[in-house]
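Everything on this sheet refers to the single structure shown next.
The values are calculated or read from the model by the stated rules, or taken from the named source; none is laboratory data. Predicted model, so just to flag it, every value in this text is computed and none were measured. Using ideal geometry, Cβ is built from the backbone for each residue, glycine included, and neighbour counts are taken over all protein chains shown. In case anyone asks, the SASA skips ligands and DNA or RNA and just uses the protein heavy atoms, side chains included. Shrake-Rupley method; radii C 1.70, N 1.55, O 1.52, S 1.80 Å.
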Amino acid sequence: RRLFRELEFQFRCSPPGERPLRYIAGFIDGLYEAADGTWTIIDYKTGHAGGAGTDEEKLSAYELQMGTYALAVRQLLGRTPDRVELVFLGDDSRRLSLPVTDELLGNVEKRLREAVAVVVDGARLSAS
């Protein structure tokens, strides 16, 4: 039904009421709405999914990036996307899906706020 390519976003990562406002900006390779109303984020990787590690380990390596995209889309659409998919364009042309859960998004939000505090305020990252 709808397709967006190279979608620019600014995700507000500061909690409501907190000043100064802090944002993370970026581009999402693709966001589309299917005929059934589900929304999927697509991120293309020019490498290949082969090599060391399980699919779960590969997804884990991109969890912060993909979770940030999901948070940005939730802020944009007012709803959480149904799927986030990594598409590896190398020799094996594989697709891996990252489940979008409240737990994932909560963890990503926490990590983003901590990282922004390090950059802006010189705070220290937690060990988690």
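When the stretch 67-96 is filtered for residues that are touching a helix residue (DSSP H, G or I) at 6+ places or on another chain (Cβ under 8 Å) and of a type outside the set (Val, Ile, Thr), the ones remaining, listed by number, are Gly67, Ala70, Leu71, Arg74, Pro81, Leu86, Leu96.
Selection of first residues in the stretch 70-85 that are over 13 Å from Leu105 (Cβ atoms) and of second residues that are part of a helix (DSSP H, G or I), restricted to Cβ pairs under 9 Å at least 6 apart or on distinct chains, gives the following pairs, ordered by first then second residue: Glu85/Met66. Report whether or not Tyr62 is modelled with pLDDT under 95, closer than 20 Å to Val108 by Cα and surrounded by 16 or more Cβ atoms within 10 Å (Cβ to Cβ). Judged against the criteria, Tyr62 is a match.
Considering only the stretch 75-91, how many residues are within 16 Å of Leu3 (Cα to Cα) and either open to solvent by less than 80 Å² (accessible area, probe 1.4 Å) or not aliphatic (A, V, I, L, M) (or both)? Talk me through it step by step, then tell me what you get.
Of the stretch 75-91, the ones within 16 Å of Leu3 (Cα to Cα) are 76-77, 81-85.
Okay, now just the ones that are also either open to solvent by less than 80 Å² (accessible area, probe 1.4 Å) or not aliphatic (A, V, I, L, M) (or both), so 77, 81-85.
Count: 6.
No other residue among Asp102, Asp29, Asp55, Asp36 is at pLDDT 90 or above and touching a strand residue (DSSP E or B) at 6+ places or on another chain (Cβ under 9 Å) apart from Asp29. Quick one: Ala117 ticks every box in (1) out of contact with any Lys or Arg (no Cβ under 8 Å at 6 or more places or on another chain); (2) at pLDDT 85 or above; (3) of a type in the set (A, V, I, L, M); (4) in a helix (DSSP H, G or I) bar one, so which box is it? The number of the failed condition is (2).
Just to be sure, is Ala61 closer than 27 Å to Val118 by Cα and touching a helix residue (DSSP H, G or I) at 6+ places or on another chain (Cβ under 7 Å)? I'd like the intermediate steps shown before the answer.
Numbers: closer than 27 Å to Val118 by Cα: yes; touching a helix residue (DSSP H, G or I) at 6+ places or on another chain (Cβ under 7 Å): no.
Considered against the rule, which asks whether it is closer than 27 Å to Val118 by Cα and touching a helix residue (DSSP H, G or I) at 6+ places or on another chain (Cβ under 7 Å), Ala61 comes out as no.
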